[in-house]
2 protein chains.
Amino acid sequence: MHIQDQTPTMFFLTPVLVAVVCVLIVWIFKNADRNANRKKGEARVHPWVDEDLKDSTDLHQVEEDADKWQESEESIEHIPFSHTRYPEMEMAKRSQEFYELLNKRRSVRFISNEQVPVEVIDNVIKAAGTAPSGAHTEPWTFVVVKNPDMKHKIREIIEEEEEINYRKRMGHRWVTDLKKLRTNWVKEYLDTAPVLILIFKQVHGFAANGEKKVHYYNEISVSIACGILLAALQNVGLVTVTTTPLNCGPRLRVLLGRPPHEKLLVLLPVGYPSKEATVPKLKRKGLDQIMVTV
Amino acid sequence: MHIQDQTPTMFFLTPVLVAVVCVLIVWIFKNADRNANRKKGEARVHPWVDEDLKDSTDLHQVEEDADKWQESEESIEHIPFSHTRYPEMEMAKRSQEFYELLNKRRSVRFISNEQVPVEVIDNVIKAAGTAPSGAHTEPWTFVVVKNPDMKHKIREIIEEEEEINYRKRMGHRWVTDLKKLRTNWVKEYLDTAPVLILIFKQVHGFAANGEKKVHYYNEISVSIACGILLAALQNVGLVTVTTTPLNCGPRLRVLLGRPPHEKLLVLLPVGYPSKEATVPKLKRKGLDQIMVTV
């Protein structure tokens, strides 16, 4: 407004004043640009998004190199691979039985408070730790929470964030849908499950000299380890539900005393199903819907 | 330079000329800003990065909502969960045996050209398809390539991109390191392995009305499925190596006729190990290095 008012009289002003006005214009233009950029940023990244999830380390990693997944292994001694081979009939049988075992796995949200054997939890995590990883970095930390107070604190953080998700972040239509379903932010299994396994991905490690060492493909690696863990749990008759608590990563990380380069990927409440446990009546896609042969 | 040269004489010029000079200054400032932004962008995203990998769908998804991982299930009928419970002794034994089986798994790059039973490949992929997924979207496509010509075309694409990676993209120091190790871009297993499994993540699906349906956490879901697939392969005595071919995704997708919303995540050459197969002498981290109990 101020500038437009002056424009008609500008030609009668001294060149010095004109210069001042122009500098003002420059300043206004620059600020307008900056605001526009800031707005773009906000539109793309919602303010409530978990800072830990926003770091996009995985995208950066991918840029660096393809084959680091393997390379580190190349620099060390190679030894003959020892292999167990089964007859074809037995392969067919083993593959069928493994499929049938895993096909009984369901995400179960009703978990009994009965304790589970320590040794079994150790073994399923050892199994998860056999997963391959980019450049053999093994970028995972499994935090096993058994302490009831700590489980309750975890529940409080997750329910607090979930309530905000439901009340403010999810949008009207969706919350209406959820009301119909009587779904809310209460996660009782976080108290009742005897064990919570929080799986952290280490977005980088440290070299001997203290420098950051990039963990290539850490999210894929840790998710693969998580898949093996789910198979191992199913194999021993324990149940879980794969959860990715939104916005809770940083608070849970601090609560559990994990370092900043570890980011929460998945939380698994683990135990036996409660007697009244139900699951949604779901079907899985058939082989012809997930497999293409060329 | 041009502007500075004019500055001393500016006060003798007409206000109109001063205004023109100032507009020029505005234009120069604005362009400088834009260039600076562009440079920032370039520093972050290397020009050779796979376009398919750059789409950052996963980051966007996470913004949308936390609990969609489960929600879709809530709207359908619930049924009692049927559970197989083992005695504690058997749980301990099963967990130990499963760990020992998986701990023998190694990434093997020397794969024999011997054929593998079709039924076994079907079963391991069916097992992978039992993985949990965000909102039960099952966002995976397993492309099983057995055709020798197709395998060779895949090899050509990957080796071509890998050669560029090695020659141009990897930087001098690293290529020098690789020369010492005689590692190069030749991937013989892409021809010899009887089966290549290319795992695609579907970054979105389609609703009944044809609208895009976001696949929440698709990369985590598909990686979990990949973990189960690796366990299933190990269980039948087949070997593989988990590879993430850089920059090849779009070309391989087009070669295999997959739609644009499918992005290559992992390529697994599958078969029996060749007789002379070797593996790097690697150790895995101990349980105390990967697990923390609270």
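Scan A:Gly210, A:Gly205 and give me the residue that is in contact with a strand residue (DSSP E or B) (Cβ under 8 Å, 6 or more places away or on another chain) and among the small types (Gly, Ala, Ser).
Numbers: A:Gly210 fails: in contact with a strand residue (DSSP E or B) (Cβ under 8 Å, 6 or more places away or on another chain).
Among A:Gly210, A:Gly205, only A:Gly205 is in contact with a strand residue (DSSP E or B) (Cβ under 8 Å, 6 or more places away or on another chain) and among the small types (Gly, Ala, Ser).
Examine the range B:228-247 for a residue that is among the β-branched types (Val, Ile, Thr) and over 23 Å from A:Gly129 (Cα atoms), and state whether such a residue exists. Working first, answer last.
Going through the range B:228-247, the residues among the β-branched types (Val, Ile, Thr) turn out to be B:228, B:236, B:239-244.
Still in the list and also over 23 Å from A:Gly129 (Cα atoms): none.
No, because not a single residue in the range B:228-247 is among the β-branched types (Val, Ile, Thr) and over 23 Å from A:Gly129 (Cα atoms).
Matching residues to (1) part of a loop (DSSP other than H, G, I, E, B); (2) at the interface with another protein chain (Cβ under 7 Å from one of its Cβ atoms); (3) over 28 Å from the mean Cα position of the chain (by Cα):
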{"position": "B:Ile79", "(1), (2), (3)": "no, yes, yes"}
{"position": "B:Thr84", "(1), (2), (3)": "yes, yes, yes"}
{"position": "B:Met89", "(1), (2), (3)": "no, no, yes"}
{"position": "B:Glu97", "(1), (2), (3)": "no, no, yes"}
Residue that is nearest to A:Gly134 (Cα to Cα), among those in the range B:263-294 that are more than 7 Å from chain A (Cβ to nearest Cβ) and touching a Gly at 6+ places or on another chain (Cβ under 7 Å): B:Leu264
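Hand me the list of helices (runs of 4 or more DSSP H) wholly inside the range A:204-294 holding 3 or more residues that are in contact with a Phe, Trp or Tyr (Cβ under 6 Å, 6 or more places away or on another chain) and open to solvent by less than 10 Å² (accessible area, probe 1.4 Å). Steps first, please.
Working: elements: A:218-236, A:249-255, A:287-290.
It comes to A:218-236.
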Residues that are small (Gly, Ala, Ser) and either in contact with a helix residue (DSSP H, G or I) (Cβ under 7 Å, 6 or more places away or on another chain) or closer than 23 Å to B:Gly205 by Cβ (or both), drawn from the range A:243-294: A:Gly249, A:Gly286
Can you name every residue in the range A:75-100 that is over 14 Å from B:Arg106 (Cβ atoms) and surrounded by 17 or more Cβ atoms within 10 Å (Cβ to Cβ)? A:Met91, A:Ala92, A:Arg94, A:Ser95, A:Gln96, A:Phe98, A:Tyr99
Identify, by number, the condition in (1) among the charged types (D, E, K, R); (2) at pLDDT below 95; (3) open to solvent by less than 40 Å² (accessible area, probe 1.4 Å) that B:Asp177 doesn't meet. (3)
Sort out which residues of the range B:111-133 are over 23 Å from B:Tyr189 (Cα atoms) and either facing another protein chain (nearest Cβ under 8 Å) or open to solvent by 10 Å² or more (accessible area, probe 1.4 Å) (or both), and write them in order of number. B:Lys126, B:Ala127, B:Gly129, B:Thr130, B:Ala131, B:Pro132
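The values are calculated or read from the model by the stated rules, or taken from the named source; none is laboratory data. Given the structure is predicted, the values throughout are model-derived calculations rather than measurements. Here the Cβ is made from the backbone with ideal geometry for all residues, glycine too, and neighbour counts use every protein chain on show. Note: accessible area is taken over every heavy atom of the protein model, side chains too, but ligands, DNA and RNA are not part of it. Shrake-Rupley method; radii C 1.70, N 1.55, O 1.52, S 1.80 Å.
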